[in-house]
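S.K.: Got a structure here, written out as structure tokens. Questions coming.
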Amino acid sequence: MNETNDVFFMSLAIDEAKKAASIGEVPVGAVVVCEGDVVSSAFNTRETGKNALHHAECKAIDLACQKLGGWRLHKCDLYVTLEPCPMCAGAIVNARIKRVIFGAKDMKAGAFGSVFNMNDLPLNHKPEIISGVCENECSSLLSDFFSELRKKK
């Protein structure tokens, strides 16, 4: 992949994040791409689904496994608007995702560099990590969402 492709696929993840925001969910979106083709996309639904596992990354990985017929996603890239948390990083490692491309850093729960780096652990798989793709737009989605939430309170 190249930078232009990364920006294009991140824009699709941003579209997913906007869907989350439109229903009152924290705006995080994810897209799984296999050899240049979109396999799945999802957005955060923890509140509406009342389920702690409903992070965008986990949902997109689950859909990709179903569509591709297996749990090994070693030819796939994951685009996500926010740095994955420890739970999602574990799913990424277990699914053998090739590359993780994220936009905004998560200074409270980021597991690929911000709080800690999952790739520093002696695990059997280490995805390539690319951070900061469309970072300003991804960060703005989150800060605008939480700003509006504070105004409502």
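The values are calculated or read from the model by the stated rules, or taken from the named source; none is laboratory data. Everything numeric in this text was worked out from a predicted model, so none of it was measured. Glycine gets a Cβ as well: all are built from the backbone with ideal geometry, and neighbour counts include every protein chain shown. Only protein heavy atoms, including side chains, enter the accessible area calculation; ligands, DNA and RNA are left aside. Shrake-Rupley method; radii C 1.70, N 1.55, O 1.52, S 1.80 Å.
S.K.: Would you mind checking the tilt of helix 135-152 against the longest principal axis of the Cα atoms of the chain, expressed as 0 to 90 degrees and rounded to 10?
M.R.: Orientation of helix 135-152: about 40 degrees from the principal axis.
S.K.: If you find the alpha carbon centre of region 1-40 and of region 74-153, how far apart are they in angstrom?
M.R.: For region 1-40 versus region 74-153, the Cα centre distance is 12 Å.
S.K.: For the pair residue 68 and residue 37, how long in nm is the line joining their label points, each one 7 Å along Cα→Cβ?
M.R.: 1.2 nm
S.K.: Helix 3-22 sits at what angle to the longest principal axis of the chain, using alpha carbons and giving 0 to 90 degrees rounded to 10?
M.R.: 40 degrees
S.K.: So which trypsin sites (Lys or Arg not before Pro) in region 9-114 pass both tests, a DSSP loop state and at most 14 other Cβ atoms within 10 Å of the Cβ? It would help to have the intermediate numbers written out before the result.
M.R.: Numbers: sites: 18, 19, 46, 50, 59, 67, 72, 75, 96, 98, 99, 105, 108; in loops: 50, 72, 75, 96, 98, 105, 108.
Sites meeting the loop and neighbour criteria: 50, 72, 75, 108.
S.K.: Add -39500 (n - 2.57) for each DSSP H run of 4 or more in the chain, then divide by its residues: what number comes out at 222 nm, to the nearest 500 deg cm²/dmol? Write out the running numbers ahead of the final one.
M.R.: Numbers: 5 runs with 65 residues, N = 153.
Result for the chain, helices only: -13500 deg cm²/dmol.
S.K.: On a straight-distance basis, which lysines could pair with residue 151 in a cross-link, Cα separation under 26 angstrom, same-chain partners fewer than 8 positions away excluded?
M.R.: Output for residue 151: 18, 19, 50, 105, 108.
S.K.: Now, a different point. With every protein chain left in place and a probe of 1.4 Å, what is the accessible surface of residue 112, to the nearest 10 Å²?
M.R.: We get 10 Å² for residue 112.
S.K.: Report the local net charge at residue 38: Lys and Arg +1, Asp and Glu -1, summed over other residues whose C-beta lies under 13 Å from its C-beta. Let's see the in-between values first.
M.R.: On the way: positive: 67; negative: 15, 16, 35, 37, 77.
That sum, taken over residues with Cβ under 13 Å, equals -4.
S.K.: Is any residue of region 18-62 close enough, with backbone N under 14 Å, to a label point placed 7 angstrom from the Cα of residue 5 along the Cα-Cβ axis, and if so, which?
M.R.: Only 32-39 fall inside the zone, counting backbone N under 14 Å.
S.K.: Moving on to the next point. Whole-Hz Karplus ³J(HN,Hα) for region 62-73, in order, using 6.51 cos²θ - 1.76 cosθ + 1.60 and θ = phi - 60°, x for Gly and Pro?
M.R.: Using θ = phi - 60°, the values come out as 4, 5, 5, 4, 4, 5, 8, x, x, 8, 8, 10 Hz.
S.K.: Could I ask something else about it? Test of understanding: in a Gaussian network model of the chain with alpha carbons linked when under 10 Å, which of 64, 56, 91 would top the mean-square fluctuation ranking?
M.R.: Ranking 64, 56, 91 by mean-square fluctuation puts 91 first.
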